[in-house]
Structure formats: structure tokens, C-alpha cells
Amino acid sequence: MRYPPGGGLTAERQAFRERVRMEAVGMFADGRGSTEIAKELRVSVRSVQRWRRSWREAGRDAVRSRGPASRPKLSDVLFAVLEEELAKGPVSHGWPDQRWTLARIKTLVGRRFHKSMRAVERDEAAVAGWGEGGVAAPGTTAAALGAWLVFEDEAGFSMTPPTSRTWGSRGSTPVIRVRGRSQRRFSIPALCCYKPGVRSRLIYRPKRHTDHKSGGRKSFAWTEYRDLLIAAHKQLGGPIVLVWDNLNVHKDRRMREFIDTHDWVVAYHLPPYAPDLNPVEGIWSVLRRTSQANTAFADPDDLIRRLRLGLRQIQYRSDVIDGSLAATGLTLTTSRLQPQ
């Protein structure tokens, strides 16, 4: 049974909640995974991930409860409804592309549940700083080193296709039959690479999860990210200034040590909860609403073929890669990118 995340707890329940948090800290030190810990302590995986992040950044005391918080505006039932609405994609809710942003999610919550919500961990000042005057610190560092400015993001793809607007006979709703649902999944991290005067590049690596509900890691490990960066460095033929989000794997101690010990890569983190600043999100949007939308895949091999084909087509379209950067509001300190 999950304990309530909001206020109104008795002293006994508060003490119990504190014991659960401290038990989780002990399991962190033993190197146990978040899913395993959540199952054993009977709490949500998201709570365990939040505690682990606090523990890594500030130690054991940072995990302790700071007292009762306000009750969540959405119950578990309504939150499940929200997840279903998000899975339909932004296009089905009237937006022109398949990219979820915080502003769109806030609008959806208002329309569907008549409630106002915001991302409390997003630093609006940091987001504004990134959006003013182009790419600030990373761009300056890249210019000084003559390096590539590289944005990274990872996305998951399953046998369930994204939906888009469809045409059909009057009174007849188009139907897509899907095999396997979300039992088979691929993870793909991609790099959007920019350098003034040079044609923009897209580099990606797919990984197949045979059954992503059976436990284990559902995304790339730090070693796989390391190998991807090494391959990108060789392919680009120069140093890299890397910009990526705050995923726990990106902040892994071993990942940081790798970056610190190699002078050809420098890493920066995007502000928390700011996917709208990452041009790779635009690549996912193009991929989902072109080669993926409204497609019933025959099997996992068919899915990965479609993914590779769609990404390969984007690789040949540097204007699409440049447009993804322009859509973020960030700019490079250059007049016009020339093909090389």
C-alpha cells in the first residue's frame, strides 16, 4: 500500500514515512535499482527516483521529510487519465506537431480537469537565460574550442504507433490494428550536432528491449552513452561541447569521471524540465508524425526498419536539423550554415 504524499498524516504515519525513506537510503548505498526498491518498500518508482537524486546531491539528510506537503491536485485515477491523454499525442489535441511542452501539458490539464498546475522544479530564470542571446555558455565554449555544439536526448518507441489526424468516410472511424502493443520497445539516443560553417549532423544509436516490462534498465546505460560519445567524436573529427538533460545516467559518477578525464568533450546540463530547449525533441516530433504516425507494424523488425529509414531521411535533410534548433529559440553565433 502506498502512503499518501500529501498532508494530514498522524505522528505515527509520519514516523513510518521517515523510516521508509531511510531504508531507501540504505538500499541506494548497496547499489540496488529504483524499481526493486519501490517494489520492496511498496512506494512509487518516481518517489524512489526523487529520493535517490536528493541523496546523490546532498547526502542522507536531504532525503528526510520536510514536513507535510499540499495534497496533489489530481488523484491516482485522474493521473492515469492524464497519462492516457498524453499518450494520444499533441496533434490529437489540436497542436500542429507531436512535441509535448510544459505549456501544452498545462493547457491540457486545464481543459480536461479544470485545474491549474505548474512544474515546481523548473527554473524559469535559468530557462530565460538560455533563451536570450542564443546558446550562452555552451555556445561560447564551443566557439572558443572550435568544437561541435551537440544536443542529446533519448526516446522510446514501441509497437503502439503514434496517432495523427486521419481521413475517413462519413460515419466510419478509421481503425488501426496493432500487434504486441507496448511489449516490445526500442530506445534511441540521438545527437543533433551543429558547427558554424559546417553542415549539421544527426547521429543516433538504437537499442532493443525484448520485453520492457520484465524488469531491468529501460534505457541506455552510462557505458552505452560513453561509447556513443566516442563514436560521435570520431565521426565529427573534432571536440564536442555536449548539452543534455538531467537524467540520472547523465549525472552518474562514472559518466562525470569519463567526461572529466577526456579533453575533447565538455558537458552542460539543460535547466530542469525544459525539453523545449532541446532540438532533438524536434527530431522526435518529425519522426513520429511522418514515418511512424498511423502505422501498424508487422513485428519488431518492421518497427526498427521504419525507425532507421525515418532517421536516415532526416540525416540527409540538414534543413530539418537546423529547423529543430530554430524552433527552440536558441541561435548559433553565425550568419548561415554552409554545407561541407
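The values are calculated or read from the model by the stated rules, or taken from the named source; none is laboratory data. Predicted, not measured: the structure shown is a model, and the values here were computed from it. Here the Cβ positions follow ideal geometry from the backbone for every residue, glycine too, while neighbour counts run over all protein chains shown. The protein model used for the area step is the full one, side chains on, heavy atoms only, and it has no ligands, DNA or RNA in it. Shrake-Rupley method; radii C 1.70, N 1.55, O 1.52, S 1.80 Å.
Numerical summary
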item	result
Test set (1) surrounded by fewer than 20 Cβ atoms within 10 Å (Cβ to Cβ); (2) at pLDDT 90 or above; (3) farther than 17 Å from ILE321 by Cβ; (4) among the hydrophobic types (A, V, I, L, M, F, W, C) - LEU236 fails condition number	(3)
Filter pass, SER116 being under 30 Å from THR35 (Cβ atoms), exposed (fewer than 15 other Cβ atoms within 10 Å of the Cβ), polar (S, T, N, Q) and at pLDDT below 75	no
Checklist (1) over 22 Å from THR141 (Cα atoms); (2) under 15 Å from the mean Cα position of the chain (by Cα) applied to VAL280, failing item	(1)
Tally of residues being open to solvent by 40 Å² or more (accessible area, probe 1.4 Å), at pLDDT 90 or above and more than 17 Å from the chain's Cα centre (by Cα) across the stretch 198-232	6
Within the stretch 302-322, tally of residues that are outside any helix (DSSP H, G or I) and open to solvent by less than 80 Å² (accessible area, probe 1.4 Å)	0
Answer from VAL175, VAL135 - the residue that is exposed (fewer than 14 other Cβ atoms within 10 Å of the Cβ), modelled with pLDDT under 80 and out of contact with any Asp or Glu (no Cβ under 8 Å at 6 or more places or on another chain)	VAL175
Flag if PRO161 is in contact with a Ser or Thr (Cβ under 6 Å, 6 or more places away or on another chain), surrounded by 18 or more Cβ atoms within 10 Å (Cβ to Cβ) and at pLDDT 65 or above	yes
